[in-house]
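Shown next, in structure tokens, is the structure this report addresses.
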Amino acid sequence: MDEIKDLMAAARCGSAQGQLIDLASGTSHFDIREHADLTLDAGALSDIARYGDCMGMYSLRCGVSDFLAEIHGVRIEPARIMITDGASGALTIALGALLHPGAEAIIPAVAYPMFSVVAEHFGARCISVPLTSEFKVDIDAIAAHVTERTRAIVLNSPSNPFGTVLEMSELRRLASLGVPLVSDEVYSILSYDGRVPSALELDGDHFVINSFSKAFAVPGLRIGYVVMPERLVNATKSWRRLVNVATSMPSQVIADRLVRNGPAIIRAHREFLHARRDAFVEVARDLDLALVPKNGMFGVIDVSSSDRASDAIARDLVLTQRVSVVPGADFCRLAQHDDAGDFLRVNFSCSRTVLTEGLDRLHRYLSV
Ligand SMILES: Cc1ncc(COP(=O)(O)O)c(C=O)c1O
């Protein structure tokens, strides 16, 4: 992804013809400003120019608790909710609380790359377990890899990039393996195919991670949260204080405002994405879709019939077609099969005109 971003920046400055079309971004094109006020006046800012609580603003944690009760039907005490610097901050805090050198973390083989990067940073050995042919987590294979050194099983439902979901029965089976789950659910709120089951419903020492970046389309605020097991709240708090003290207060004040109107904003965001998904499926008719997306903002295009690797295709697409996508290879740090990353991830939440032009360029390139 870094290489694609650099190439996009160079393409924007260059003299090549044609507008650069960005289908690589990880953010929804939903315009939150049509639904909420993101401004803070000077008076409000001067009131909050101090260190915040390492757990986050109490009113925001209460707001998140109400929001989770409304969206997932589960009541979580604010004492277990810590506000973090995005889901990225939440992952660092959760994995840092669980892992140590010599520990093992089980991670699906095609996954958001940060999971293994952070786990390795804490000295853990990452055990990759390939997905099934339907891009789902293979629970029997995970069970077979649990050892006395396993300290975490990292899950992502709906997954980035495939959008596949873990059913409640599957979450229960995973929890029964006796290892803490770290469940990244940043896309769960943006499902337009019914409620996505959440690890919040499980008993046990699990960490559940979420973010405002995706749900409210505000990644620049850097607001996320982790729901901690009660038993580990104090240890996690101590560790978090050492990581970066507390999350930005101005961002928390804006997030507090967003979450109070959260269910209405999310309804509007889901409707927006549902319509963009329908347009995508129609416009992508001539491309080989790996599956029809049921949540979030990404589609996955199968390029296994090409003789080129996905990263080479993505590079070529920016340089010759001026369209950016994320290569499947970026999600395969741990994958053991050479062909696991034979796909391109496309953000379909842009306007239909932009999407049509972007996919036309993609199709033209892949048809040669
Ligand atoms: C699965 C997953 N987790 C975490 C993140 C990071 O989100 P945040 O902006 O909240 O740090 C992303 C961003 O793309 C993601 O896809």
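The values are calculated or read from the model by the stated rules, or taken from the named source; none is laboratory data. From a predicted model like this one, the values you see are computed outputs, not experimental measurements. Note: ideal-geometry Cβ built from the backbone for every residue, glycine included; neighbour counts use all protein chains shown. Note: accessible area is taken over every heavy atom of the protein model, side chains too, but ligands, DNA and RNA are not part of it. Shrake-Rupley method; radii C 1.70, N 1.55, O 1.52, S 1.80 Å.
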### Task
Filter region 280-301 for residues that are surrounded by 16 or more Cβ atoms within 10 Å (Cβ to Cβ) and of a type outside the set (Val, Ile, Thr) and give the result.
Phe280, Ala284, Leu287, Leu289, Ala290, Pro293, Lys294, Asn295, Gly296, Met297, Phe298, Gly299
### Message
Would you confirm whether or not region 193-200 contains a residue that is more than 16 Å from the chain's Cα centre (by Cα) and crowded, with 22+ Cβ neighbours inside 10 Å?
### Response
yes
### Summary
Those residues of region 207-250 which are over 27 Å from His35 (Cα atoms), touching a residue at least 60 places away in the same chain (Cβ under 8 Å), in a helix (DSSP H, G or I) and open to solvent by 10 Å² or more (accessible area, probe 1.4 Å) amount to Glu230, Leu232, Val233, Ala235, Lys237, Trp239, Arg241, Val243, Asn244
### Task
Tell me which residues, restricted to region 71-98, are away from the ligand (no atom under 11 Å from the Cβ) and out of contact with any strand residue (DSSP E or B) (no Cβ under 7 Å at 6 or more places or on another chain).
Ile71, His72, Gly73, Val74, Arg75, Glu77, Pro78, Ala79, Gly96, Ala97
### Task
Could you pull out the residue among Val253, Val283 that is in a helix (DSSP H, G or I) and touching a helix residue (DSSP H, G or I) at 6+ places or on another chain (Cβ under 6 Å)?
Val283
### Task
Only residues that are more than 11 Å from the ligand (Cβ to nearest atom) and either open to solvent by less than 10 Å² (accessible area, probe 1.4 Å) or among the charged types (D, E, K, R) (or both): list them for region 153-165, please.
Ile153
### Message
Step by step: first the residues of region 233-258, then only those that are farther than 12 Å from Met82 by Cα and in contact with an Asp or Glu (Cβ under 8 Å, 6 or more places away or on another chain), then the one that is modelled with the lowest pLDDT. Which residue is that?
### Response
Asn244
### Message
Checking the structure you have, find out if any residue of region 340-354 is free of Cβ contacts under 8 Å to residues at least 60 places away in the same chain, open to solvent by 20 Å² or more (accessible area, probe 1.4 Å) and part of a loop (DSSP other than H, G, I, E, B).
### Response
yes
### Summary
Those residues of region 184-227 which are within 22 Å of Phe348 (Cα to Cα), of a type outside the set (Val, Ile, Thr) and within 10 Å of the ligand (Cβ to nearest atom) amount to Asp184, Glu185, Tyr187, Asn210, Ser211, Phe212, Ser213, Lys214, Ala215, Pro219, Gly220
### Task
Please tell me if Arg61 is at pLDDT 95 or above, in contact with a Pro (Cβ under 6 Å, 6 or more places away or on another chain) and of a type in the set (D, E, K, R).
yes
#### Entry: Any hit, region 166-173, residues being surrounded by 21 or more Cβ atoms within 10 Å (Cβ to Cβ) and within 16 Å of the ligand (Cβ to nearest atom)
yes
## Note on the structure
Gly102: passes all of (1) surrounded by fewer than 16 Cβ atoms within 10 Å (Cβ to Cβ); (2) in contact (Cβ under 8 Å) with a residue 60 or more places away in the chain but (2)
### Query
Do we have Pro108 as of a type outside the set (A, V, I, L, M), within 15 Å of the ligand (Cβ to nearest atom), farther than 21 Å from Ile266 by Cβ and open to solvent by less than 50 Å² (accessible area, probe 1.4 Å) here?
yes
### Message
Just checking, does region 15-22 include any residue being open to solvent by 10 Å² or more (accessible area, probe 1.4 Å), at pLDDT 95 or above and within 16 Å of the ligand (Cβ to nearest atom)?
### Response
yes
